[in-house]
Amino acid sequence: MQNIILFGPPGSGKGTQATRLVEKYKFVHLSTGDLLRSERKRETKLGIEAQKFMVKGELVPDSVVIGMIESAVQEAGDVTGFIFDGYPRTVPQAEALDALLASNEMSIDRVLVLDVNEEESTKRLLDRGKTSNRKDDQDESVIRGRYKVYLDYTVEVAGYYEPKGIVVNIPGEGAIEEITELLASEIEAIA
Ligand code: B4P
């Protein structure tokens, strides 16, 4: 059983790479962004509430996201491992994830950080916004705000895991296939 966190700023390739790694290793892919968008599409109370934060590029409150991921982990049952994409994004989310995994006799094996600078992140998300229908990808000031949220609240999550010696930085700029190879070699190096 291996549990991986795919970490990085918005537009760093978390969703893109998670999909490719799931094909290769049969992880269960849990993306809080996808879970929130699915709630919104179904017009659930949680989805309508979350949308207010997402369109502005703000983080959805911890209480909402933590509960959602706990249900998703429990529903997954017996699996070969999880790939957490876009979660945790705050230190309280990281603490809650550790507690949840510990109660199921699991832990995080690697935090793989995709390094992408603000200009590349902004360019990718504006490009995606042309076709994706995602409102949060269509306004440059919202995109830059998301990058700032990453610096202000999310970067410290990597610092939270640092003392465990499980954080690895990966260059996130370059060909998608080459980045998958770099991630795969880190996953295969886990004892
Ligand atoms: P997410 O859905 O997690 O969105 P993201 O960070 O913008 O996307 P991601 O990083 O996965 O995109 P990717 O690079 O794959 O979050 C959206 C919102 O949901 C947040 O702003 C927040 O409001 C809320 N939310 C989610 N999780 C939360 C949490 N835990 N707590 C609180 N709030 C939460 O793709 C970007 C584009 O780049 C794609 O078009 C892709 O094709 C392209 N791309 C990828 N790799 C590339 C490469 N190597 N070269 C060129 N282009 C590349």
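Quickly estimate the mean residue ellipticity at 222 nm for the chain, helices only: each DSSP H run with n ≥ 4 gives -39500 (n - 2.57), and the total goes over all residues, rounded to 500.
Helix contribution divided over all residues of the chain: -17000 deg cm²/dmol.
Considering only DSSP beta bridges where both residues belong to the chain, give the percentage that are antiparallel (nearest 5).
Of the beta bridges lying entirely in the chain, close to 0 percent run antiparallel.
Which is farthest toward the positive dipole end of the range 1-76 among SER71, PRO61, PRO9, measuring Cα position about the Cα centre, with Cβ charges +1 (Lys, Arg) and -1 (Asp, Glu)?
Farthest towards the positive end: PRO9.
If I take R0 = 41 Å and measure r between the Cβ atoms of ASP139 and VAL168 in this structure, what FRET efficiency does the formula 1/(1 + (r/R0)^6) give, to the nearest 0.05?
Efficiency for this residue pair is about 0.80.
Quick one: the Cα spread of the chain along its three principal axes, in angstroms, biggest first?
In descending order, the Cα extents are 43, 38, 30 Å.
So, in nm, how far is label LYS123 from label GLU188 when the simple model puts each one 7 Å beyond its Cα toward the Cβ?
Placing both labels 7 Å along Cα→Cβ, they lie 3.0 nm apart.
What's the FRET efficiency of GLU58 with ILE176 using the Cβ-Cβ distance as r and R₀ = 30 Å, to the nearest 0.05?
The calculated FRET efficiency here is 0.60.
Sorted from largest to smallest, which semi-axis lengths in Å does the alpha carbon gyration tensor of the range 78-191 give for its equivalent ellipsoid, taking the root of 5 times each eigenvalue?
The three semi-axes for the range 78-191 are 27, 18, 14 Å.
So which of LYS26/LYS164; LYS123/LYS148; LYS52/LYS135 end up more than 21 Å apart by C-alpha?
Long pairs (Cα-Cα over 21 Å): LYS26/LYS164.
Distance between Cα centroids, the range 124-191 to the range 1-27: provide it in whole Å.
After rounding, the separation between the Cα centres reads 10 Å.
How much length, in nm to one decimal, is gained on full extension between GLN74 and GLU23, taken as 0.36 nm per residue of separation minus their Cα-Cα distance?
That pair, GLN74 and GLU23, stretches by 16.2 nm at full extension.
Bear in mind that the values in this text are calculations on the coordinates, not laboratory data. Note that the structure is predicted; figures quoted are calculated from it, not measured. Counting neighbours? That spans all protein chains shown, and the Cβs are built from the backbone with ideal geometry, glycine included.
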